[in-house]
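The values are calculated or read from the model by the stated rules, or taken from the named source; none is laboratory data. Keep in mind it's a predicted model, so treat the numbers as computed, not measured. No Cβ is skipped: glycine too gets one built from the backbone with ideal geometry, and neighbour counts run over all protein chains shown. Quick note on the areas: whole protein, heavy atoms, side chains included, nothing else; ligands and nucleic acids left out. Shrake-Rupley method; radii C 1.70, N 1.55, O 1.52, S 1.80 Å.
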Amino acid sequence: GRLSLGCGSAAIVIRAEIFHEGRLGLSYVTDLSNGHNLTMMHMQLIANAEHDPAVRDWLKYEATNSFLDNELILGFGCSSMTTKMPAYKIDAHASASFAFCRKHTNEFSKPVILLNSIDDDGLPQGATEWHPSPIATFGPSNETANWTVLVSQSVLEVLHKLRLEHAPDETGGYLYGGIDEHLSQIYVVAASSQPPDTVASPTCLKLGRWGQTPWEKSFVRRTRGRLAVVGTWHSHPNSVPVASSRDWKTVTGFVAQDLMRALPTLMLITGANDDRVYVLDATVEVKT
């Protein structure tokens with residue numbers, strides 16, 4: 001929850017963390033006034049488990065819950081848990097983080113993450129800098145029910161490519177990310193292609209079930225379920241991305257399911273020259 005603190009301010013923020021029994025050190029530098037707040041960067045990092053073995057191994061380790069017995073001791077004077085590890089591992093990450101932060105606070109240009117890896121003995125395995133994809137921001141507006149939707153530009157590029165590949169038929173899939181109810185923000189960091197049991201035509205689309213594409217099965221496994229399905233997307237191959245009466249009727253089923261979990265419903269439409277996002281929650285009347 002602390003990742004969202006200070007969001008919207010003009011401050012440059014630095015955050016350093018250590019994971020995986022000290023094997024992985026992470027350092028973030030970003031400007032909180034842009035879309036790359038710490039929550040969005042953290043979700044983009046988790047999505048990068050698809051490509052980065054160090055992130056993938058960290059998430060796999062945490063999914064075992066073995067660290068609950070091996071590492072954590074009760075913090076003194078508070079209800080939080082404190083991780084205990086050798087000081088030389090902390091020093092190894094602190095040195096890399098200090099150099100990284102010193103460099104980027106002196107010449108900050110865009111958000112960046114440092115991944116610093118060491119082995120079981122604390123010997124260095126290398127440090128790499130990673131720039132998360134730029135962010136497209138939608139809302140707050142009437143169309144988003146005053147939610148702000150942050151979408152990785154890499155996701156939009158995938159959707160544009162899929163729209164062209166499936167034209168003149170419509171196509172669609174599912175959006176992965178997370179929700180911060182305190183900030184009224186929805187984060188989209190990955191998207192699936194068309195599920196195998198989808199029915200599509202130039203004027204209609206009936207999406208199949210989520211989680212059925214080979215990419216989704218691999219993505220959910222590698223990210224260990226840390227990123228949820230937060231909405232759907234579909235294309236209007238040769239027209240503007242304005243929700244039609246059929247779109248509203250289709251999304252009604254998703255709204256009913258999401259309301260049971262007290263969550264908003266996200267629908268992204270990609271058109272010939274533009275993208276548009278709709279968010280529906282309990283305060284929005286669904287058009288039919």
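Here are a few things to note about the model shown:
- Selection count, region 150-179, where residues are in contact (Cβ under 8 Å) with a residue 40 or more places away in the chain and within 11 Å of the chain's Cα centre (by Cα): 8
- Positions within region 267-279 being out of contact with any Leu (no Cβ under 8 Å at 6 or more places or on another chain) and either open to solvent by 30 Å² or more (accessible area, probe 1.4 Å) or part of a strand (DSSP E or B) (or both), in sequence order: ILE269, ALA272, ASN273, ASP274
- When region 234-262 is limited to residues that are at pLDDT below 75 and part of a loop (DSSP other than H, G, I, E, B), the one that is most open to solvent (accessible area, probe 1.4 Å) turns out to be ARG261.
- Reported count of residues in region 130-147, each being in contact (Cβ under 8 Å) with a residue 24 or more places away in the chain and over 14 Å from the mean Cα position of the chain (by Cα), is 9.
- Among the criteria (1) outside any strand (DSSP E or B); (2) within 20 Å of ASP57 (Cβ to Cβ), the one LEU114 does not fulfil is (1).
- Within region 36-55, the set of residues being more than 15 Å from the chain's Cα centre (by Cα) and open to solvent by 50 Å² or more (accessible area, probe 1.4 Å) comprises just one member, PRO53.
- Which numbered condition GLU157 misses (of (1) out of contact with any strand residue (DSSP E or B) (no Cβ under 8 Å at 6 or more places or on another chain); (2) crowded, with 20+ Cβ neighbours inside 10 Å): (2)
- When residues in region 191-227 are screened for being at pLDDT 95 or above, open to solvent by less than 10 Å² (accessible area, probe 1.4 Å) and of a type in the set (Gly, Ala, Ser), 1 of them pass.
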